[in-house]
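The values are calculated or read from the model by the stated rules, or taken from the named source; none is laboratory data. The shown structure was predicted, so the numbers you read here are calculated from the model rather than taken from an experiment. We place every Cβ from the backbone using ideal geometry, glycine too, and count neighbours over all the protein chains shown.
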Amino acid sequence: MKLKAIRDQEGVVCHHCGSKEHYWKKDKWQYECKICKARTTLTSGTIMHGSQMPLRYWFVSIHLLTSTKKSFSAKELQRQLGHKYYEPIWTMLHKLRFAMGKRDSQYELSGQIELDEGFFSTEVQTENKGKPLKQGRGSQKKTKVLVMAESKEVEGEVTKKGKPRKVGFIKMQVIPDLKADTINEQVVSLISDKATLITDDSTSYVNLGNIVQQHQAQVIPKEKIGEILPWVHISIGNAKSLLLNIHHRVKPEFLQSYLNEFCYKFNRRYFGEAIFDRVLLVCATSKNDFRYRIR
Ligand SMILES: [Zn+2]
């Protein structure tokens, strides 16, 4: 049993007395504390804790989430599992994405980093319904996302498009606005202060030079964007086509969750089948603090 193997390896801590010594009660399929005899289930203290969903569902979901670059909808999973209710399936998937995001938030980006904003189509928030729609970037149908990609110049090579760049890790963070303070706060928490940032000359980025070691801001004509900020824009394009085609009418408050999944998988694109075990490990070692419900 994979989950038990992971929990044994990570160590089970007694929720009652804090002891790390346990017996495995095979008949009960639970741990028993050697000191105080308190029982711990396989899922307690993990994101699966308190879920009504059988473990098999979690495994199928993780398998589906990790076996393809594509995402899939709760409806599709519900159909595959043949489960009667939609909401618990939906919640389970979001818990998985939440855990993926939490895992990625433990790493900060470093080196040369492209940074720009993306505008993702989302549903109009309930409080804005009925208000006249604004056009373009400020539209209530668009959610702003700060997108960052580690992007290293490949030594020695020059092509027609300039120097090719190799992508490392990426991050995508939903932001409420494009104010310089908002951007600064995100950069402080997501990026190493030793990094070099490459951006356009937007006023949102005026203070970045004070936060990271180097900030290269430049006027970028539209046709040059793919050359100067290639990976940010490839990522935005891929995220949009992979996510929004599957999750129609994404609510703004859940966009981050889908982006977590996208980035997590992108950042582990060379892991192959090992990614299943990684996600299971993340699940077994993260607490369940996903608290949303469908409204
Ligand atoms: Zn105990």
Is at least one residue of segment 271-286 hydroxyl-bearing (Ser, Thr, Tyr) and either touching a residue at least 60 places away in the same chain (Cβ under 8 Å) or closer than 17 Å to residue 232 by Cα (or both)? yes
Quick check: anything in segment 38-50 surrounded by fewer than 16 Cβ atoms within 10 Å (Cβ to Cβ) and closer than 19 Å to residue 85 by Cβ? yes
For residue 279: the one exception among (1) at pLDDT below 95; (2) under 16 Å from the mean Cα position of the chain (by Cα); (3) under 30 Å from residue 198 (Cα atoms): (3)
Of all residues in segment 51-72 being small (Gly, Ala, Ser) and more than 15 Å from the chain's Cα centre (by Cα), which is surrounded by the fewest Cβ atoms within 10 Å (Cβ to Cβ)? 67
In this structure, is residue 7 within 16 Å of the ligand (Cβ to nearest atom), within 25 Å of the chain's Cα centre (by Cα) and not polar (S, T, N, Q)? yes
Being under 16 Å from residue 67 (Cα atoms), within 17 Å of the chain's Cα centre (by Cα) and surrounded by 17 or more Cβ atoms within 10 Å (Cβ to Cβ) is true for just one of 262, 254. Which residue is that? 262
Residue, surrounded by the most Cβ atoms within 10 Å (Cβ to Cβ), within segment 137-186, restricted to residues that are closer than 19 Å to residue 109 by Cα and of a type in the set (Lys, Arg): 171
Every residue in segment 10-59 that is among the aromatic types (Phe, Trp, Tyr) and within 16 Å of the ligand (Cβ to nearest atom), please. 23, 24, 31
